[in-house]
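Nothing in this text is a laboratory measurement; each read-out follows from the coordinates by a stated rule. For clarity, every value in this text was computed on a predicted model and none was experimentally measured. When we count neighbours, we look across all protein chains shown, and the Cβ atoms used for this are built from the backbone with ideal geometry, even at glycine.
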Amino acid sequence: LDNPSIFLYRNTYCFNQNAFNKTFSDRLEYKENFKVLAFMFGDFMELRKKYGYALSYDIIGEIIKIGHKVYGQKRFYILNNYIFAIDIGEENINEAVSKINNLIKENIDFYDKRIKLTPHYCVLHKGENIKSLGDINDAIETMLFDVYKKTSELITYDDSSILDSHIRENEIVRILREAILNDGFEIYYQPIFDYKSQKYICAEALVRLNKIEGENIPTDEFIRIAEKHGLICDIGEMVLEKVCRFYRDSNIKLYGIKYLDVNLSVLQALESNIGSIIEEYCNRYCLLPENINFEVTETAMTSDDDFDKISSNVKDLISKGYNFSLDDYGSGYSTAMYFAKIPFNNIKVDKGILWSAMTDKTFKIVLENTIRGIKKVGRKCVVEGVENKEMEELLSEMGCDMMQGYFYSKPLKEDQFIDFLAKENGVNK
């Protein structure tokens, strides 16, 4: 209270994140037990958009009044990201939750509008996995932000699986940062088969994290974590540079490869300077624009704003001669407007449609009409996930241009990829 600018939430008498940090770092230092009940409203940001900032601050003020009324000023905190925390001591969890819920229902009522907010709670005890203040704050955010989206339960307890997941995520973040600094990634190439020429004319570049202490960290896992922690653009640039260097040094055109596919993450595709970054690497390694084909997933364009930004960036690069594919088509909720509005060169159909078409007549019709529609608007059709001859024959009957999957080859290291092309495309090394 003697330092309101440091320890009080703006324009209130409620303790803030700094005060919470000071209190619980002291608890850890003196090895005191504690129990924290934290809660947030999953629908708060939507309500803020709907009714405006003024109302949202009124709601925060009312929640602070409720907290102070029940627990007093010294035990109630508002943390970052609109999370509220209570130092509840030995109080019964269910009784505390019931008390807060009832007061929220009675008091959150403004401007003749009934504001309905659903609080999600988590309970955190001092335990073996809580060794630092960072562990406390991270555990609260992990439980509230990650878990409430995946469960209908309104109270989440700090079971070991949640905290273990948090610890693993932090460890992978550390590994990724080290890998970015120390070139800890490797690129594999999965050949793509052109049915008309019966040759392999391109391949998709796939990033792999080098084994760490004998463990292979799955690509889906580390990419998700990289996106969450702001590392994906660094990884994306590193992949692009490695692909450009490989294209130049291997003289891969001699083996029948026209271009290599490189995935652009959502965040990369949204960057205002993505065009200059791509041009810099291509110029550095003496590549022409048509030597690299960039893949953007349809699920990247989850909002109108994202669609407009990505569309503008893609169109600008296409005008300079770069090629683009719409990846995983059919895996999201979009319509054909994505490839109708943006002049993608290729449309890559998600493997799920092909796999379902092998046993379901309805999906077979969907697959056939999808391929026909893509070709009618003048785009090349690529289908992923081809695993056997039966799938290849079905796709060839439907007029699919190119096919990718384990039937042709798994992703290969650089030297394996060159050997594969020399054999399959009939080129002497």
Query raised in the report: Amide H to amide H, which residues 5 or more places from residue 203 or on other chains are under 5 Å from it, using H placed in the peptide plane?
Result: 192, 259, 261
Query raised in the report: Within straight cross-link reach of residue 423, meaning Cα distance under 18 Å, which lysines are found once same-chain residues fewer than 8 apart are removed?
Result: 199, 253, 258, 410, 413
Report task. Determine the gain in length on full extension of the stretch residue 211-residue 229; use 0.36 nm per residue of separation and subtract their C-alpha separation, reporting nm with one decimal. Result -> 4.4 nm
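Classify the range 314-428 as rounded, prolate or oblate from the Cα gyration tensor: take a ≥ b ≥ c as the square roots of its eigenvalues, call it rounded if a/c is under 1.5, otherwise prolate when a/b beats b/c and oblate if not.
Here the range 314-428 falls in the oblate category.
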Report task. List the residues whose amide H sits under 5 Å from the amide H of residue 212, counting only those 5 or more places along or on another chain, with H placed 1.01 Å from N in the peptide plane. Result -> 217
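Which shape class, rounded, prolate or oblate, goes with the range 155-234 when its Cα gyration tensor gives a ≥ b ≥ c as root eigenvalues, a/c under 1.5 marks rounded, and past that a/b bigger than b/c marks prolate?
On the way: a/c = 2.93, a/b = 2.11, b/c = 1.39.
Cα axes put the range 155-234 in the prolate bin.
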Query - Cα gyration tensor shape for the range 169-285, rounded if a/c is under 1.5, else prolate or oblate - result: prolate
Report task. Pop a pseudo-label 7 angstrom from the Cα along the beta-carbon direction at both residue 319 and residue 11 and give the gap in nm to one decimal. Result -> 4.4
Report summary line: Averaged over all viewing directions, the convex hull of the alpha carbons in the chain casts a projected area in nm² of 26.2
Query raised in the report: If you find the alpha carbon centre of the range 350-415 and of the range 171-192, how far apart are they in angstrom?
Result: 29
Query raised in the report: Given H placed on each backbone N at 1.01 Å, which residues far from residue 118 in sequence or on other chains put an amide H within less than 5 Å of it?
Result: 42, 43
